[in-house]
Amino acid sequence: MYGERALTVRGVLRDQVLSIVPETLQQAKHIKEICNELQLDLWEPSDVEDVTPGREVHVQVPSSHLPKLKQNFLQKDILVKVMINDVQKLIDENPVDDGRSRQKSLSSFDYTKYHSMDEIYKWMDQIKDTHKDLVTLQYLGATYETRPIYYLKIGLPSDRKKKIFWMDCGIHAREWISVAFCQWFIKEERLWRKSRSPHNNGTCYGVDLNRNFDGHWCTIGASTVCSSNTYCGPGPASEPEVQAVSQLLSGLKSDILCFLTMHSYSQLILFPYGYTTNASANHEEMMAVGLNSATEITKLYGTQYDVGSSSTILYSTSGSSQDFAADLGIDLAYTFELRDNGTYGFILPEEQIRPTCEETTAGILSIVDYINEKHFPNAANMLSSTLCFYLSFSIIIGTYY
């Protein structure tokens with residue numbers, strides 16, 4: 001609490017993540033001013049303007065600021081507790097497996113570990129080579145630093161034009177569990193089979209790519225300040241990653257039945273809109289499908305998810321891929337915010353990868369079941385799944401991988 005001292009290693013202070021709860025408008029204003037002045041890294045919410053009375057704030061504080069900052073909050077009667085006592089220690093306890101010490105086969109690939117970019121690229125090649133009858137590896141475009149962006153298209157060959165189930169992961173670099181989930185999801189062959197029958201029970205450096213889509217770009221819940229975590233960029237779809245994905249989505253929009261974008265953390269299933277509190281045309285349908293998905297998630301490990309539109313249960317955003325997809329006319333568009341609720345935040349321990357992936361897979365399969373029942377009630381499963389990975393842009397390579 002207030003008097004707690006920052007963890008020291010050989011006398012050196014370490015960065016911490018603090019949980020702060022403003023109780024008044026004045027306290028919220030003070031927290032905003034401190035975050036802006038010190039350019040602190042907000043974990044929750046992502047935008048300092050969303051700091052409001054009664055809402056818990058998670059913020060990473062450099063060791064050099066910790067003693068004075070805690071004392072400052074104490075003087076302002078602002079409730080503070082330490083959420084993560086040593087950020088670097090937690091990162092070190094979850095090392096990225098770069099695979100340099102050995103050549104891995106696909107059968108020995110460990111889906112319960114976090115992997116480097118090189119390892120993920122090798123894995124994608126192995127998936128493609130091992131399942132040639134089901135999987136194609138396709139080039140989508142390049143990042144700002146000219147690194148390739150690939151996506152995997154999964155489905156049996158057919159002369160008939162198929163509908164598409166879209167999933168992307170890793171658009172935010174520090175949300176490690178989202179990429180780990182996409183890898184886990186691909187290994188489940190349950191979605192690779194076209195004969196699966198429908199069921200009755202129906203997911204100042206750089207730009208926030210999820211504020212850069214041309215969907216009411218930078219109108220709310222985004223920043224024009226380049227040092228902000230929610231910097232929307234110099235213009236809509238200004239970033240090559242967003243351009244590539246936007247073009248692919250726009251070209252496939254008439255065939256995409258569901259759009260999923262995977263994030264962390266907060267345990268939420270969100271749907272449009274983020275830029276307005278007005279309900280979408282099919283709000284009730286998306287709520288019902290989302291609630292059923294949350295129920296399936298809870299069945300495995302008891303993990304609770306909240307469901308609702310982004311602007312009502314999280315915060316206002318603009319320029320998100322979810323809203324862009326909805327504006328293209330894709331009926332079902334969801335953002336999944338995976339585990340946890342803040343105990344570890346973005347640095348989810350590797351021992352939680354398996355249960356997170358298992359429960360999330362159950363939730364997403366319920367959405368697939370709903371789609372099959374709605375669109376193909378009297379036929380074998382006609383759904384193919386396109387899983388698009390935002391796996392390489394500068395912040396991933398330079399910060400975590």
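Quick rundown of the values:
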quantity	calculated
Residues of segment 216-227 satisfying the condition of being crowded, with 20+ Cβ neighbours inside 10 Å and over 18 Å from the mean Cα position of the chain (by Cα)	HIS216, TRP217, CYS218
Residue among VAL59, VAL96 that alone is surrounded by 15 or more Cβ atoms within 10 Å (Cβ to Cβ) and either at pLDDT below 85 or among the aromatic types (Phe, Trp, Tyr) (or both)	VAL96
Scope segment 1-22; condition modelled with pLDDT of 90 or more and under 12 Å from PHE73 (Cβ atoms); matching residues	LEU18, SER19, ILE20, VAL21, PRO22
Boolean, SER293 is in contact with a helix residue (DSSP H, G or I) (Cβ under 9 Å, 6 or more places away or on another chain), open to solvent by less than 40 Å² (accessible area, probe 1.4 Å), part of a loop (DSSP other than H, G, I, E, B) and not β-branched (Val, Ile, Thr)	no
Identity of the residue in segment 22-56, among the charged types (D, E, K, R) and surrounded by 14 or more Cβ atoms within 10 Å (Cβ to Cβ), that ends up nearest to the chain's Cα centre (by Cα)	GLU44
Residue within segment 317-336 that is farther than 19 Å from TRP166 by Cα and open to solvent by less than 50 Å² (accessible area, probe 1.4 Å) present	yes
Sole residue being modelled with pLDDT of 80 or more and among the hydroxyl-bearing types (Ser, Thr, Tyr), chosen from TYR144, TYR151	TYR151
Qualifying residue in segment 174-181 (condition: open to solvent by 40 Å² or more (accessible area, probe 1.4 Å) and at pLDDT below 85)	yes
Residues satisfying the stated conditions in segment 64-83, i.e. open to solvent by 30 Å² or more (accessible area, probe 1.4 Å) and touching a strand residue (DSSP E or B) at 6+ places or on another chain (Cβ under 9 Å)	SER64, PRO67, LEU74, LEU79, LYS81, VAL82, MET83
Residue match in segment 352-372 (condition: over 25 Å from THR52 (Cβ atoms), of a type in the set (Phe, Trp, Tyr) and surrounded by 24 or more Cβ atoms within 10 Å (Cβ to Cβ))	no
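The values are calculated or read from the model by the stated rules, or taken from the named source; none is laboratory data. All values derive from a computational prediction rather than experimental measurement. We place every Cβ from the backbone using ideal geometry, glycine too, and count neighbours over all the protein chains shown. Calculation scope for accessible area: heavy atoms of the full protein, side chains included, ligands and nucleic acids excluded. Shrake-Rupley method; radii C 1.70, N 1.55, O 1.52, S 1.80 Å.
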